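Structure, as structure tokens:
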Amino acid sequence: MYLSEVQFKAELEKCLQCKTKPCMTACPVKCSPCDFIRYAKNGDFIRAAGEILQQNPMGEVCGLICPDKFCMKACVRTNIDAPIKIPAVQATIMRKVNKIRIDYKPYNGKKIAIVGLGPAGIGAVAEALKQGFSVDAFEKEDSVGGALNLIPDERLPKEVLLKEWQRISENPCLKVYFSTEISDYNSLLNQDYEAIVVALGEQKSRKLGVEGEQFAIDYTEYLKNPQKYVISGHVMIVGGGAAAVDCALTAARQGAKHTEMLVRRGISNMRITAAERDALLGAEVDITTMTKPLKIEKSGDRLIIDTIKTEFDEQDKLVEVAGTQIRRNNIDLIITALGSDRAEEPVENAKIIYAGDFITGGSTAVQAIASGKKTITELVEKLNF
Ligand SMILES: Cc1cc2nc3c(=O)[nH]c(=O)nc-3n(C[C@H](O)[C@H](O)[C@H](O)COP(=O)(O)OP(=O)(O)OC[C@H]3O[C@@H](n4cnc5c(N)ncnc54)[C@H](O)[C@@H]3O)c2cc1C
Ligand code: SF4
Ligand code: SF4
């Protein structure tokens, strides 16, 4: 997560200060590792943190959870030995700095509403405040972060999220209404908001669609409160994406004797990073590939699952392989982690601007922040001030 002093210095030393800044170009929020590494190398951590926050209001959160497919993938140092561990460098810089001053433009006389305080909504709030808007923000839960709250503490301690929000929210031009679900926009459209940014994320978990599904629990339910489901026996996770990996690692950490992922496709089709693959191996999680569930039953305290093998046919379509059905009767907990979809459709209205996973589909925190920021930069252009 964070680097030791020795690792930190070694990573800073590796930077080649590339003139074209490919690391910045590859960053969805256009954070500039080239510059923040230079300031950190000179020992000016406040300036380095300021450089990060200038583009990314959640610099420490992203430092902890940004995948290696953005800045790190673009890092030129790869051609010599290995890319600089830019996210970890970023998180380590942010942790060194307690208080940092953010430059806000004076109040511009205009008010906007922001619905949903996940990364996209937070990105929009931070940028709107910087541009001098007055902001009313509405969040259905009693705290910020959206899907970030499902990320296990081992990867993203919740106090980091709250620390970043504290810094953003201490601006008096912001009013936050927690535990306030907006179910239709007329009440907001009737008020004097210049625009309404809607960043609801994807609230509807995908279903397996098999008999007995009610005996499994959904990944959002599990990750919200894993302590409720501490199992020493056999835990099976149906799904092969990043959320399924978080479920598997959490179950293994909590002492499951046998943790298994059941994946419809092959390992090479799993949408996970090399680091996630290594973590699964390290935690001795079994991955049963090319297999799908057909039915779940409950027998006493245990669960029974019928599965069938899958294969790709000549049209590359995933099909069941006849005669490969088997019955497994040794499962204690089944978690479904098949991803989510948005819970409602966007409505057409010139004043409503959508942001984040709600509109792009499952992405990453940094992409959601970039999307939230963009709604405000476009609004400023439209309002022409
Ligand atoms: C298990 C898991 C692990 C992940 N790991 C990573 C990772 O390692 N790295 C990474 O970059 N990304 C990761 N992500 C993805 C990342 O969390 C999402 O891409 C990001 O949170 C999307 O931000 P968002 O603001 O669009 O939506 P969300 O985070 O879903 O936020 C939407 C917000 O809107 C609120 N809301 C919804 N409806 C209403 C309403 N009607 N009224 C008021 N409020 C409402 C919700 O309560 C929520 O707070 C992970 C996601 C999950 C589930
Ligand atoms: S691409 Fe890598 S080496 Fe080059 S400036 Fe960016 S971080 Fe430094
Ligand atoms: S915000 Fe994320 S992607 Fe961008 S430079 Fe920082 S770590 Fe890399």
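No lab work stands behind these numbers, since they all come straight from the coordinates. Note that this is a predicted model, so its numbers are computed, not measured. No Cβ is skipped: glycine too gets one built from the backbone with ideal geometry, and neighbour counts run over all protein chains shown.
Using every Cα-Cα pair within region 5-96, state what percent have a distance larger than 17 Å.
On the way: 1612 of 4186 pairs.
So the portion of pairs separated by more than 17 Å is 39 percent.
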Quick numbers on the chain, Rg and Dmax over C-alpha atoms in Å, give 22.7, 70
To the nearest 20 Debye, how big is the dipole of the chain about its Cα centre, given +1 on the beta carbon of each Lys and Arg and -1 on that of each Asp and Glu? 1140
Given the Cα atoms of region 205-339, and with Rh set as the inverse mean 1/r over their pairs in the Kirkwood sense, what is Rg to Rh to two decimals? 0.95
So, in Å, what gap is there between the alpha-carbon centers of region 77-132 and region 274-289? 32
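Give me LEU129, LEU16 sorted ascending by neighbouring Cβ count inside 10 Å, so fewest comes first. Display every interim value, and only then the final one.
Numbers: LEU129 22, LEU16 13.
Lowest to highest Cβ neighbour count: LEU16, LEU129.
Report the charge-dipole magnitude of region 5-96 in Debye, nearest 20, computed about the Cα centre from +1 at each Lys and Arg Cβ and -1 at each Asp and Glu Cβ. Mind showing how you got there, number by number?
Working: 14 positive and 9 negative charges, 37 e Å.
Using Cβ point charges on Lys, Arg, Asp and Glu, region 5-96 gives about 180 debye.
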Any chance you could run the full-extension gain for SER179 through ASP192? It's 0.36 nm times the residue separation minus the Cα-Cα distance, nm to one decimal. 2.5 nm
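Scanning the chain for GluC sites (Glu not before Pro) in DSSP loops with at most 15 other Cβ atoms within 10 Å, what's the longest stretch left with none? Let's see the in-between values first.
Numbers: sites that count: GLU141, GLU154, GLU170, GLU181, GLU284, GLU314, GLU344, GLU348.
Of all site-free stretches, the longest is 1-140.
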Ranking of MET290, MET72 by count of other Cβ atoms within 10 Å, fewest first: MET290, MET72
Amide H contacts of THR310 (H built 1.01 Å from N, under 5 Å, at least 5 apart or other chain): THR291, LYS292, VAL321
Of all beta bridges DSSP finds with both residues in the chain, what is the antiparallel percent, to the nearest 5? 35
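Over the chain, calculate the relative contact order: mean separation of alpha carbon pairs under 8 Å at least 6 apart, over the residue count, as a percent. Can you show the working numbers first?
Details: 756 pairs, mean separation 67.6, N = 385.
This gives 18 percent for the chain.
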Amide H neighbours of MET261 under 5 Å, counting only residues 5+ apart in sequence or on other chains, H built in-plane at 1.01 Å? ILE237, ASP286, ILE287, THR288
Listing VAL144, VAL230 from the residue with the fewest other Cβ atoms within 10 Å to the one with the most, what is the order? VAL230, VAL144
Calculate the spin-label point distance for ASN98 paired with TYR2, positioning each point 7 Å from the Cα along the beta-carbon direction, and give it in nanometres. 1.3
What residues qualify as long-range amide H neighbours of GLY339, i.e. H under 5 Å apart, gap of 5 or more or another chain, H built at 1.01 Å from N? ARG206
